[in-house]
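A.B. asks: Shown below is the structure under consideration.
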Amino acid sequence: MWRDMTSWFNKLLKTGSSDAADLKTSDGSAGSQAPSNAGGSEPEGGSDHVVEASLQRRPLLHRNGQLAGFEVAAVTATADPAEGASPAAVLLRGMTSNAVNGRVALITLTEKELRLQAVIDRIRPGMMFTVADAAAPLSTQLPWVQDVRSRGGVLGTLAVPRAGASFVVLDAGNVTISTLLSRAQACRAAAPGCQLVATGLRTIDDLEAALCGPFEMAAGLFDRVGERRESGTLSPNVTSLCRLLNRAMTEPDTRGLGQDIRGDIDLSYRILRHANSPLLGLRRNVDSIEQALQLLGRQALFRLLTVLLVTRSGSRPTAVALHELALTRAHFMEELADQIWAPAATLYTTGLLSLLDVMMQMPMEKILAPIGLTQEARNALLYHSGPWHELLELARCLEMGQIEQARELAQPTGGLPLAQEAMERARTSAAAISAELRGVWK
């Protein structure tokens, strides 16, 4: 029994080579070997050898408030004709897991790249391709269009709807959100059946305005807010959780917390429901708060309360997505704790709390005042200083696809490839745990 429960909490708390590809196009003509322009930068050094693409993966939020997937681009990718690999195929090779896990991958490629057999072979359901140079209808009579769709790919266009396109991407660029919404309405009038996707939004407020308007999905700076917010006050629920968190950090015996928890009916219900969920694999019912606390232990209780604090703090339309993104930061920072000689549990908490100001629409200083965090955690979250802040900033750069900044920040933690691998594992863990916790705590 204990091994089963420990297995779940380990997940909650912690938790190849290039294929030769045919450079011929799907209709048998010679394919282009030009690098993909989806990453927006030229390949480094002009090398003719295959380079594993450094992928930008920016979170893509859905209008239902959840994380839909990622906007994907390659920062660097060059091809070696002798190896038979194309840059676009290198990009898609890293996206298979994204599609398999039920998440959308929004990828910008040219028509020539989409005609390559090496690209067609790597298409999976869930991949949305923005055809960067589409100037004509995406006719179903075209062989490459048939091939993309037969493999579950979806085709769209930039800025202007075209016949046959399933979606249109509108980039915010330097325009205001009101201008972007006006352009979206014009696209909707011209092509009523097209989905609309917004990119390049500068604040979470703009993201939510787009998603509450005509856009199905949107990407941008989800951890930045627009207008300055009033300080406000913490809700009684949040204040109560902060008090329990402090006691869970300082009291070695969790049994003393039982009386306080029993006074919070909603919290008692959630803890008992969690303790009796299939997630823990217990073979007998847990019917009291004291019994649940004894089985959980202090560290697991602290993390459970921290996750619950985050889930209780979201009144925004995008709250569910923000919860998952905060969990991703928590798992990422915990996984790299050994690299900076820091306590993994506290780094987990630091990452998990890092979006609370966005979720609660209040200054971070006011939110953290009742929580007895370590000075290192407070420096990272409040004063943006110290090695823990650098690790948090590394997570943010990887979220936003700022690869060059991430490369520099990743040096103390073993380098960029190690950090990217840790982020992928963190995303996978956060997605699984977020879905399971929604089922238990809804």
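A.B. asks: Applying the selection to region 398-416, what residues are over 12 Å from the mean Cα position of the chain (by Cα), part of a helix (DSSP H, G or I) and of a type outside the set (S, T, Y)?
C.D. replies: If the condition is that a residue be over 12 Å from the mean Cα position of the chain (by Cα), part of a helix (DSSP H, G or I) and of a type outside the set (S, T, Y), then I403, E404, Q405, A406, R407, E408, L409, Q411, P412, L416 are the ones that fit.
A.B. asks: Sticking with this structure for a sec: Of the residues that sit in region 208-228 and are assigned to a loop (DSSP other than H, G, I, E, B) and out of contact with any strand residue (DSSP E or B) (no Cβ under 8 Å at 6 or more places or on another chain), which one is nearest to R63 (Cα to Cα)?
C.D. replies: G213
A.B. asks: Within region 143-154, can one find any residue that is in contact with an Asp or Glu (Cβ under 8 Å, 6 or more places away or on another chain) and buried (at least 20 other Cβ atoms within 10 Å of the Cβ)?
C.D. replies: Yes; the residues of region 143-154 include at least one that is in contact with an Asp or Glu (Cβ under 8 Å, 6 or more places away or on another chain) and buried (at least 20 other Cβ atoms within 10 Å of the Cβ).
A.B. asks: Spot the failing condition for F332; the list is (1) open to solvent by 30 Å² or more (accessible area, probe 1.4 Å); (2) within 20 Å of A422 (Cβ to Cβ), and only one is missed.
C.D. replies: Every listed condition holds for F332 apart from (1).
Conditions tested, residue by residue: (1) in contact with a Phe, Trp or Tyr (Cβ under 6 Å, 6 or more places away or on another chain); (2) among the aliphatic types (A, V, I, L, M).
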position	(1), (2)
Q146	no, no
N174	no, no
I177	no, yes
C187	no, no
V197	yes, yes
A218	no, yes
L221	no, yes
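A.B. asks: Give the residues of region 304-322 that are assigned to a helix (DSSP H, G or I), within 22 Å of T233 (Cβ to Cβ) and within 17 Å of the chain's Cα centre (by Cα), sorted by residue number.
C.D. replies: Within region 304-322, V310, T311, A319, L322 qualify.
A.B. asks: Next question, about the same structure. If you go through region 345-390 one residue at a time, how many are part of a helix (DSSP H, G or I) and either in contact with a His (Cβ under 7 Å, 6 or more places away or on another chain) or open to solvent by less than 40 Å² (accessible area, probe 1.4 Å) (or both)?
C.D. replies: Matching residues across region 345-390 total 25.
A.B. asks: If you don't mind, there's one more thing I want to ask. Filter region 391-423 down to the residues that are charged (D, E, K, R) and surrounded by fewer than 19 Cβ atoms within 10 Å (Cβ to Cβ) and list them by number.
C.D. replies: E393, R396, E404, R407, E408, E421
A.B. asks: With (1) over 16 Å from P59 (Cβ atoms); (2) at pLDDT 90 or above; (3) not hydroxyl-bearing (S, T, Y) as the list, and A406 as the residue in question, which single condition is left unmet?
C.D. replies: (1)
The values are calculated or read from the model by the stated rules, or taken from the named source; none is laboratory data. For clarity, every value in this text was computed on a predicted model and none was experimentally measured. Positions of Cβ are backbone-derived with ideal geometry, glycine not excepted, and every protein chain shown enters the neighbour counts. We work out accessible area using only protein heavy atoms, side chains counted, and drop any ligands, DNA or RNA first. Shrake-Rupley method; radii C 1.70, N 1.55, O 1.52, S 1.80 Å.
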